[in-house]
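Here is the structure we will look at.
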Amino acid sequence: MIKPLDGLLVVDFSQFLSGPSTTLRLADLGARVIKIEHHLHGDITRSMYASHLNIEGDSAFYQAVNRGKESVQANLKSADDLEVIKRIVEKADILVHNFRPGVMARLGLAYADVKSINPNIVYGSISGYGNQGPYAEKPGQDLLVQALSGNVWQTGKDSDGPTPMGYAIADVFAGAQLVQGILAALLADESAEVEVSMLEAMLDFQFEPLTLYYQDGGEPIVRGDVNAAHPLVGAPYGLYKTTTGYLALAMGAIPKLAELLSCDGLNEFADPNTWYKQRDAIKAVLAAHLSHESTEYWLAILEPADIWCAKVLNWTQLVEHDGFKVLDMVQSVTHGLGHSYQTTRCPIRFDESIITNAIGAPSLGQHTANVIQEFSKS
């Protein structure tokens, strides 16, 4: 199939996760991505993350987020290498970087510099905290951004203290939002500097609780201490242990649950106004009741009654489930040195067709010679 971004050229100076996740999605959508890597060690994530799980000497983390790209080694402090890079930039449609503020300017590759050699460029950047303010020069690392964003007070129980999410969510959200901005600029068909900071991405991610914060006078978030799952939602919302695993319960009327589950202890909470204020007490009753039967037993009762519920799956259970298999989310790709490995595909469908790309992550500098030759012809 012809992909939406076929024919577009992206010059990617980014490393770690936020910027590479942006260019991964652009590559999935058909763009050609030339990844500019450090002339000696390349993207730091080749060896920094999960190095005990590697493919052809590079970490599986690097492989996952850099599939479908070309790798060019360059010393950006070398005038000769920089001249080659500028020739590529001159032909590019999009540039992406996630350096700290000021780094690209020192290299002579700030937006104004790049626009002078390519007036039509869409220039995308991700920083930790923006270009101004007391955090501007601080490292934009995911855990630090989660900590500063207030997000760590949204997950888990009150007794847990601050709890970060177990994935680099600030990186991923910033990357996704930069994709949105770049595509909007492409639609406008004019040069633009598109900027996203990880902190702003996390604040936007929390638009719901932050909006409520400004309406309720700044009341502190109370997560609860029993089966906590969402600090703004009342009972029964949470995960409940059963004899065979766990059951997820979303929103639902407590009296209806009392009837369906034959749980008399819930009858004293018939008033909907109590379902948030007394959520710990309600969840404690539910947790004790649900612990005596299997997840499958409760699903057989709740699902026919249209109660929002689900079995809690781990990855082993997930990948064997028909609900996962029907999505066809796994693709096989081939690394630059010839090794095949499995990874996820782009989740977007066009006209009911999935998007795949059999090209895995490149080996360091795999495309350097060919790219230099190609762009020296102009």
Summed side-chain charge close to H321 - residues other than H321 whose Cβ falls under 14 Å, Lys, Arg +1, Asp, Glu -1: -2
Percent of Cα-Cα distances greater than 18 Å, calculated over region 1-97: 46 percent
Label-point separation in nm, A176 to R106, each point 7 Å along Cα→Cβ: 3.3 nm
Those residues of region 210-243 whose amide nitrogen sits under 13 Å from the label point placed on L260, 7 Å along Cα→Cβ: 236-237
Point-to-point label distance, L210-H38, nm (Cα→Cβ direction, 7 Å offset): 3.2 nm
Debye-sum result for region 163-305 in log10 I(q)/I(0), which assumes one identical scatterer on each alpha carbon, at q = 0.09, 0.15, 0.17 Å⁻¹: -0.44, -0.86, -0.96
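In whole percent, what relative contact order does the chain give with Cα contacts below 8 Å and a gap of six or more residues?
It comes to 17 percent, rounded to a whole number.
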Sites D306 and K277 - FRET efficiency at Förster radius 25 Å, r taken between beta-carbons, to 0.05: 0.45
Exposure proxy order (Cβ contacts within 10 Å, fewest to most) of I88, I282: I88, I282
Within the chain, percent of DSSP bridges classed antiparallel, to nearest 5: 45 percent
Spacing of the two label points (7 Å from each Cα toward its C-beta) at D158 and H339, in nm: 5.0 nm
13 Å beta-carbon shell around L290, net charge (K/R +1, D/E -1): +1
Under the Karplus curve 6.51 cos²θ - 1.76 cosθ + 1.60, θ = phi - 60°, whole-Hz ³J(HN,Hα) for region 316-327, x wherever Gly or Pro sits: 4, 5, 4, 5, 8, 7, 4, x, 7, 4, 5, 6
Two-site FRET efficiency, I117 against D80, from Cβ-Cβ distance with R₀ of 22 Å, rounded to 0.05: 0.85
Relative contact order [Cα under 8 Å, 6+ residues apart], region 135-177, whole percent: 36 percent
Rg/Rh ratio calculated on Cα atoms of region 158-205 (Kirkwood radius): 1.18
In Hz, Karplus ³J(HN,Hα) per residue of region 112-127 (6.51, -1.76, 1.60; θ = phi - 60°; x = Gly, Pro): 4, 5, 5, 5, 5, 9, 8, x, 9, 5, 9, 10, x, 9, 10, 10
Residues H321 and K3, FRET efficiency given R0 of 45 Å [Cβ-Cβ distance, rounded to 0.05]: 0.95
Cα gyration tensor, region 196-248 - rounded (a/c under 1.5), prolate or oblate: oblate
Largest-first principal axis extents, alpha carbons of the chain, Å: 80, 47, 40
Around A258: net Lys/Arg minus Asp/Glu count, Cβ-Cβ under 14 Å: -2
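Distances longer than 19 Å among the Cα atoms of region 304-378: what percent of all pairs is that?
That tail contains 61 percent of the Cα-Cα pairs.
Tell me the volume per residue, in Å³, of the convex hull enclosing the alpha carbons of region 87-139.
So the per-residue hull volume is 73 Å³.
Taken together, the values in this text are just the output of simple stated rules run on the coordinates, not laboratory data. Note that the coordinates shown come from a computational prediction; the quantities given were computed from them, not determined experimentally. Cβ coordinates were reconstructed from backbone atoms using ideal geometry, including for glycine residues, and neighbour counts include every protein chain displayed.
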